[in-house]
Structure formats: structure tokens, C-alpha cells
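Working notes, beginning with the structure itself.
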Amino acid sequence: MNAADPDDGFVEVIAREVEADPGNLALREDFVTLLLEREPDRAATELAAFESHGGDPARVRLLRARLMATRLRASNPPPAEAVPAPADEDRQESGIAVSASLWDAKRPKVTLADVAGLAEVKQHLNTAFLAPLRNPEVAAAFGQKPGGSLLMYGPRGCGKTFIARAIAGDLGASFLHVTLADLLSKWIGESEKAIQSVFRHARAATPCVIFFDEFDALGGRRTSGGGGSHAMRMLVTQLLEELDGMAGTNDGVYFLAATNRPWDIDSALRRPGRIDKTVLVLPPDAVARAVIVQGALAGKPAADVDVMAVAAATEGFSGADLSHLTTTVLQKAMIESMSRSELVPVTTDALLAAVGGIIPSTTSWFDQVAPVLEYGVDDGTFDQLRAYRVKRGMR
């Protein structure tokens, strides 16, 4: 680690936050992502900790793949004179570029019918995005071509990635999941080529859903700190070029993006014909919370847990918060079982007692968005959020 690098101090700040709140899975995942390009060995250690604390197995597999790619690039650096990005065939031969297999499009088996609860979210998705896609003949009569784009926003850990997969499943489409870590490279032009590669593979696998996670990190305003560097400006510019292709060559390509900071998205990306539809993905409702708790306890020692009672006590909890809750109680029951030399099942009372020690992670997001709603410019993106806050009596 370079002692002169000011970012090193930031890394250690995050490390201390993780140490202070070891059960915060979202923070742990962010920390692993931060370490991937800087300290891969340390990233491997933190990834193991993320997995042991109950991290989502799918996210663990994805992070492990990125770690392997990072180590591969480090062990096969390009020659010093090859600062410009090499051609695709050269990248495959040298082993420095993202493998084409990273963009392998798979068809999800889940659909929106598998998303428990969230009736309002699914209704808005259907009205604003899915209905025209499910009725292509009617849409064509009104001059609409197959394809589309959607920005999902809301607090972390509320299932935006799962919903994106479910949308692809509903459409019978292939699915490409892309994050900033998949695109960034220290070699000039390499990141732009990665974006081109994503869209090229999507066009070859139509119908196909491209899903960009943590989109504010990639599509941040080019005049703000989020997109202020030349490299990030070039990424946004390249993405704009690819999105504008949806009027012709991108027929059958659906572009989905997720963010918890929609106010930081570059306005050029939000113009009509680009990412001009939005949906608010709220914390899971009572039905969804009950299903999440029930799923987390399935196959585990549990004494007829009243999942509806737990759901009623966890208003505002994200899916990640509920995972943390059940993991904490299961670990406590396991330790007690070892101490007694007999199985001690998880009970409703144990879960309800643990609820009091957890502050919903969504609280900080709603606090963060309040000044944006009051003082920011709103093009209609936050209409759903304003209605939700009024319904919940939030100021």
C-alpha cells in the first residue's frame, strides 16, 4: 500500500467502521469491492469474513470471480509501451482483459411472481415498463420498438438486483449483471471497450437485459466529484453512445440500472429516449418480510416461529437487515446449543428481543434523501418517494 496515497486513510476509516459493526453486510461488501484493485490479498480475507457472516452466496461468487480477475491482471501486466487498450484478440492472448465469459448471458428462472409482497413496486413496474414489453404488437402499433430502459432507486439491501433478474425472467430474456469493478481499468481506453463489450454481447443474446449495479458510481454527474475525473467522464460518454444505439441496433436490449443515489446520476443519462423511466424499490413490506424470515430459518432449528409477529416488529428493515437479524439469532442459538450439548431452537421471543438491538439501515437513507427532496431539482423522479413519505408520516 502506498503511504503517500490519501485514499489509504479512507480505506482504514472504512476498516474501522467494519470492525465496529461486523454484522453490517452491505458495508462489508463495499469494503471488499474497495480493496479488490488496491489490496487483493486483504480483499480475499475480507471476502472470507463477508461469507462467514452470512453474505449472499451469489454476491460471494461474483466477488470471488472479480478477485480472480484482479490477480490474473496483476500476474500478466501488459508491456510498458502498451498503455492504450489492446484489441480484443490481443487481450485474450495476453490474459489481461476481462474474459468474454464474464459477460455470459444467462436466463434467470425467477420472475416477478417469485418476489414476495411489494405490490406497489410491481404495479408501478408493470405500468411504467413491463406492459408495453409484454404486448409488443400493441406497442408496435403505437410506434414503440422492442427494448427500453429503467432506473431503480431506493435504500441498499432492498432487492433491486433480485427484481432486475425477475424482470429478465418475466421477459424471457438473458441477463448480464455489470458493476463498476467489472469495467474499471488503469489502462487508457480499456474501460470504454468493456462497456462496448457489454452491449455487443447483449445484442448477440437478444432479448437481453443489461443490469448496471451501483449506477451512480458509473453514471455520476460529469461536473461533480462522482464523475469528475477524465476517466469517469469518458465512461459516461461511452455509455451515452451505447444507449443512443437503442433507437436502432439495440432492439431487444433492455437496460436496467440500480442506485441508492439517483440525484447523482448525470442528467444527460436521464433524457428522454435514454434512462427516462424510474421506479422506487422500497423496503420490503410485511408480507415480504415474513417470507424473508421464513426462508432464512428454513431447515434450521426453529420452534414454530411466528414470522408475522417478527414482520410486524421489523417495519423499515431491508432484506439485508432481516438477514443480519436471523443470522445473529441463529449464531446465538448455536453457541447456546454447544454450551448445553443439545439443540436450542430459535424462538419468536429470541427474534423479537434481537430486533431492539438493530437500527434499520434504511433510516439513514431516508434521512439523506430528505434535503434532496426539499432543496433539489425534481423532474418527477421522486414522485413515488414523496407519496411514500406522506403515507408514512415522514417529514
*asked:* Of everything in region 174-190, what is modelled with pLDDT under 80, of a type in the set (Gly, Ala, Ser) and either buried (at least 22 other Cβ atoms within 10 Å of the Cβ) or closer than 23 Å to Tyr254 by Cβ (or both)? Give them in sequence order.
replied: Ala181
*Could you tell me whether region 327-345 includes any residue that is in contact (Cβ under 8 Å) with a residue 40 or more places away in the chain, touching a Ser or Thr at 6+ places or on another chain (Cβ under 9 Å), part of a helix (DSSP H, G or I) and crowded, with 17+ Cβ neighbours inside 10 Å?*
no
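Let's see how each residue does on (1) small (Gly, Ala, Ser); (2) at pLDDT below 50:
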position: Met1; (1), (2): no, yes
position: Pro6; (1), (2): no, yes
position: Glu17; (1), (2): no, no
position: Pro22; (1), (2): no, no
position: Gly54; (1), (2): yes, no
position: Val83; (1), (2): no, yes
position: Ala87; (1), (2): yes, yes
position: Val98; (1), (2): no, yes
*Evaluation of Asp170 against (1) more than 22 Å from Leu63 (Cα to Cα); (2) touching a Ser or Thr at 6+ places or on another chain (Cβ under 8 Å); (3) buried (at least 24 other Cβ atoms within 10 Å of the Cβ) (one fails), failing number*: (3)
*Given the structure, is Lys160 in contact (Cβ under 8 Å) with a residue 40 or more places away in the chain and in contact with a helix residue (DSSP H, G or I) (Cβ under 9 Å, 6 or more places away or on another chain)?*
no
_Residue that is in a loop (DSSP other than H, G, I, E, B), in the same structural domain as Pro262 (by TED's automatic domain parsing) and surrounded by fewer than 23 Cβ atoms within 10 Å (Cβ to Cβ), where the choices are Lys193, Lys109, Lys122_ = Lys109
_Just to verify a result, which residue in region 200-223, among those that are more than 24 Å from Arg261 (Cα to Cα) and either in a helix (DSSP H, G or I) or in the same structural domain as Phe31 (by TED's automatic domain parsing) (or both), is modelled with the lowest pLDDT?_
Ala204
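The values are calculated or read from the model by the stated rules, or taken from the named source; none is laboratory data. Note that the coordinates shown come from a computational prediction; the quantities given were computed from them, not determined experimentally. Quick reminder, even Gly has a Cβ in these numbers, built from the backbone with ideal geometry, and neighbours come from all protein chains shown.
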